1. Would you be able to say whether some residue in the range 92-102 is farther than 20 Å from Ile172 by Cβ, under 20 Å from the mean Cα position of the chain (by Cα), of a type outside the set (A, V, I, L, M, F, W, C) and assigned to a helix (DSSP H, G or I)?
2. Hey, does the range 212-233 have a residue that's of a type in the set (D, E, K, R) and under 25 Å from Pro150 (Cα atoms)?
3. Across the range 409-428, what is the total count of residues that are more than 9 Å from the ligand (Cβ to nearest atom) and within 21 Å of the chain's Cα centre (by Cα)?
4. Identify all residues within the range 347-406 that are of a type in the set (A, V, I, L, M, F, W, C) and modelled with pLDDT under 95; write none if there are none.
5. I'd like the full set of residues that are farther than 17 Å from Ala461 by Cα and either among the polar types (S, T, N, Q) or under 32 Å from the mean Cα position of the chain (by Cα) (or both), limited to the range 482-499.
6. Residues Asn32, Asn48: which one is in contact (Cβ under 8 Å) with a residue 12 or more places away in the chain and either within 30 Å of Gln374 (Cα to Cα) or of a type in the set (D, E, K, R) (or both)?
7. Does Asn408 count as within 27 Å of His210 (Cα to Cα), open to solvent by 50 Å² or more (accessible area, probe 1.4 Å) and in a loop (DSSP other than H, G, I, E, B)?
8. Out of all the residues in the range 482-503, which are under 16 Å from Val454 (Cα atoms) and either open to solvent by 20 Å² or more (accessible area, probe 1.4 Å) or at pLDDT below 95 (or both)?
Amino acid sequence: RIVTGPNNERIIMSPSGDITYPETLIHEFVWNNSERYPNHIALECGINGQKYTFAQAKDATSYIGRSLRNIGLKKGDVVALVAPNFPDTILSFLGILSGGFTVTTVNPMYTAEEMMTQLLKANAKAVITSTSVASTALAAKRACLSHETPFIVIDDKTGSMPEGSIPFSDLITRGKSLPPVNSDTTCDDVAILPFSSGTTGLPKGVMLRHRNLVSNIMMVQSSVDIFQFPTSTFQEVVPAILPFFHIYGMNAVILPRLAFGAKIITIPKFVPEIFTDILQKNKVTALFCVPPIVLFLTASSLVKNHHFDHVHLIMSGAAPLAKTDVDRFYEKYNVDSKICQFRQGYGLTESSPVNFIELGEKYSSIGKNIASCQVRLVDVTTQKDVSTSGQTGELWIKGPHVMKGYLNDEDATKNTLTEDGWLKTGDIAYYDEDFDFYITDRLKELIKVKGFQVPPAELEALLRMHPDVEEAAVIGIPHERYGEVPKAFVVVKKSKNPMENDIKNFIKGKVSDYKQLRGGITFVDNIPKNPSGKILRSKLKQSYKP
Ligand code: 4UW
């Protein structure tokens, strides 16, 4: 399992070996096998019932690509996709790629200011959104992009189509009569630009190539027996509750599941009654969760034993999972843990995303590195590889799934990717005698609220804009339901005396709900810093007593 690298690195190889993967673009890979089951449902809206078969969905994505070329977009242009989970959101994504463009997926819960920052950083040349969030997306577009920028709107049956927008349905109908796009896209072209703050600072565009996305799906497939193609009597049914804009929902749930013939039931927003109604009405076979959803499954009286009658897989990831929650799940429901298996995964945007999946019943472990995912554990102070099980170090990752780098940010790229291709995750881990890994801490400053990224640097910059604030630092503190919530430490200017609520209200309209300072604000005399001015968050964390 351990290989010594050219510079004496201690490389932990995957027990699943190495993979080969096809030289296929991700939007083609998704439909590769669909001709075997053209009339099965691929996408169904859990709210309004809109459906596409595999044949219809595949054709639609090609038409969308043609239409986008026809309205003047050029190869390599970036298109922003700002929509909750609907069938048309996924078709838009694949359509953008089939036209030879790059997609930046934007969190539809964002405020106009947050959207604007991403549209600018990604240099978006068009926006695709949906009626329920169109007014916010339009405000963002108007604030930073030219009047002529195409603004395309999916009718999701909530809200209305702003004047001057292009109805999404036109892309499909008009595209039919346009010639196919002769895209010279290669597997090394950047397919997507999801945003992540990485180990430090503000959100950055993560450049993921077609090759990264396709290889990662194949890495999972060859390590874990969790995919089943449809037969005459069986089709996977997967509710897509995790948002498509985030890499977990995108390249670890929706795209791979479609590629293996599952029916995806899209859910735009987590509402307990709607979620359980979907479990009630469909023979759901696999559930993909973040820890707060696992908590919901164990705690809610809406969830019934028979909802798991057809479920063979429940996955959790994006934040630490407590073993006690899994134990509680099996105590509450009369299901066989060998048939309805709980699995934890570990991934990050920068690695397309999956690196580890747990295969046994060690529920607090993230398990073993998947095929072709090489791992090092590097001692944070000595920068030497740790030599034994039980010792902690920073987790470094290498493989065909690792990002090209951060868009227009050489410094951040250099600090995250070594010259020989190792991705420094900013997570602290150790492994046990079986080479099962455990995440113990986060070296990076990132806060995870319900699995969503909250970069402290963003909140600190906003806090410093408040007229009474001299300095600010933000850390994550534990929260029973959300995992973590942001908490601020604030130094106020001389002779100023703001109330906690003044500052909270100042932040309120500027960032999305999940980024709000739910951990409260503590007023302090100074912020601990190292000699180069870097905030010593670990000191603040130690000083904080719940
Ligand atoms: N335990 C503890 C975990 C865990 C974790 C992630 O927003 P990003 O960049 O990306 C993600 C991706 C999650 C994911 C993808 C595919 C998959 O199969 C799976 O499990 C089923 C999960 O969240 O945030 C990356 C950061 O999130 C933390 C960790 O700090 C990581 O660097 N994180 N998974 N199981 N922490």
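1. no
2. Looking through the range 212-233, none of the residues is of a type in the set (D, E, K, R) and under 25 Å from Pro150 (Cα atoms).
3. Result for the range 409-428: 9.
4. Of everything in the range 347-406, just one residue is of a type in the set (A, V, I, L, M, F, W, C) and modelled with pLDDT under 95, namely Leu359.
5. The answer is Tyr482, Gly483, Glu484, Val485, Ser495, Asn497.
6. Checking each option against the conditions leaves just Asn32.
7. Yes.
8. Hits for the range 482-503 are Tyr482, Gly483, Glu484.
The values are calculated or read from the model by the stated rules, or taken from the named source; none is laboratory data. Keep in mind it's a predicted model, so treat the numbers as computed, not measured. Cβ coordinates were reconstructed from backbone atoms using ideal geometry, including for glycine residues, and neighbour counts include every protein chain displayed. For the accessible areas, the whole protein counts, side chains as well, though only heavy atoms, and no ligand, DNA or RNA atoms are used. Shrake-Rupley method; radii C 1.70, N 1.55, O 1.52, S 1.80 Å.
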